[in-house]
1. Please specify each residue of the range 18-46 satisfying the condition of being among the charged types (D, E, K, R) and either assigned to a strand (DSSP E or B) or surrounded by fewer than 17 Cβ atoms within 10 Å (Cβ to Cβ) (or both).
2. Enumerate the pairs (first residue in the range 32-48 and closer than 16 Å to Met94 by Cβ; second residue anywhere and buried (at least 19 other Cβ atoms within 10 Å of the Cβ) and of a type in the set (Phe, Trp, Tyr)) with beta-carbon separation below 9 Å, excluding pairs fewer than 6 apart on the same chain, so at least 6 apart or on different chains.
3. So Phe165 clears everything in (1) among the hydrophobic types (A, V, I, L, M, F, W, C); (2) closer than 29 Å to Thr35 by Cβ; (3) out of contact with any Asp or Glu (no Cβ under 9 Å at 6 or more places or on another chain) except one condition, right? Which one?
4. Suppose we filter the range 56-67 for residues that are outside any strand (DSSP E or B), in contact with a helix residue (DSSP H, G or I) (Cβ under 7 Å, 6 or more places away or on another chain) and crowded, with 24+ Cβ neighbours inside 10 Å; how many remain?
5. Could you list, in sequence order, all residues of the range 133-177 that are surrounded by fewer than 21 Cβ atoms within 10 Å (Cβ to Cβ) and in a strand (DSSP E or B)?
6. Could you count how many residues in the range 7-45 are over 12 Å from Leu57 (Cβ atoms) and among the acidic types (Asp, Glu)?
7. Just to be sure before I move on: is Thr106 without any contact (Cβ under 8 Å) to a residue 60 or more places away in the chain, polar (S, T, N, Q) and surrounded by 21 or more Cβ atoms within 10 Å (Cβ to Cβ) in the structure I sent?
8. Let me confirm something: among Arg114, Arg79, Arg49, which residue is in a strand (DSSP E or B) and at pLDDT 95 or above?
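The values are calculated or read from the model by the stated rules, or taken from the named source; none is laboratory data. Just so you know, these numbers come straight off a predicted model, no measurement behind them. Neighbour counts are summed over all protein chains in view; Cβ atoms, including those assigned to glycine, are modelled from backbone coordinates with ideal geometry.
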Amino acid sequence: MTSSTLHWSDTDVEIHKIVVGPVENNVFVLRCRHTGEAVLLDAANEHERLLELCQALNVRTVLETHGHWDHIGAVTEVRNAGYEVGVTDADAHMLPSYDYLLEDDTVIEVGRLRLRTIATPGHTPGSICFRVEEKPLLFSGDTLFPGGPGSTKFGDDKLTSIASFETIIESIDRKLFTLDKNTIVMPGHGLDTTIATERPHLDEWIERGW
């Protein structure tokens, strides 16, 4: 399974990716090639597949990019299997359960790798991205996609009331578009992109309003 899920690698890093659930969520595992330690990003759905990946890759903990239903569908099962789940305080109430809180601009050590948190509210109040230090890698959750920001308009009034287009644009502009242009962006759905590809289009997104 692990050879078929390998998405990106170098001498230090492995990133594995599987797509799960009814809205095709990307689930990533970041693994240190020197120590074998790993973390899983977003226990989204299809818990059997996620647990198989966790066991195969020596996952130590699970990090949630935000609390929307499609990103947390397997949280209960992964916690029942013994994996701790981290989420931001602002989105913690959206999860069925969790173990610890993630804060802005802190480092999560994954073996010899350093994963830095970047608070990017807008899609949800507690949306958070993860940047691999000294590597051109960003896990953007539903904050930044190829072609624009994550949605802030939903059919559910409760979701719409906690989302903000102005806030997500500010998060992208100030927190993500300041990163190196060659940074590879791995979003919560769909294909990878880069900061260089998306940054020139910010004004277009502001003008269209989504």
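1. At the first step, the residues of the range 18-46 found to be among the charged types (D, E, K, R) are 24, 31, 33, 37, 42, 46.
Those that are among the charged types (D, E, K, R) and either assigned to a strand (DSSP E or B) or surrounded by fewer than 17 Cβ atoms within 10 Å (Cβ to Cβ) (or both): Glu24, Arg31, Arg33.
2. Asp42/Phe28; Asp42/Phe139; Ala43/Tyr83
3. Failing condition for Phe165: (2).
4. Residues meeting the conditions: 2.
5. Of everything in the range 133-177, those that are surrounded by fewer than 21 Cβ atoms within 10 Å (Cβ to Cβ) and in a strand (DSSP E or B) turn out to be Phe145, Gly148.
6. Qualifying residue count, the range 7-45: 4.
7. no
8. Working: Arg79 fails: in a strand (DSSP E or B); Arg49 fails: in a strand (DSSP E or B).
Result of the check over Arg114, Arg79, Arg49: Arg114.
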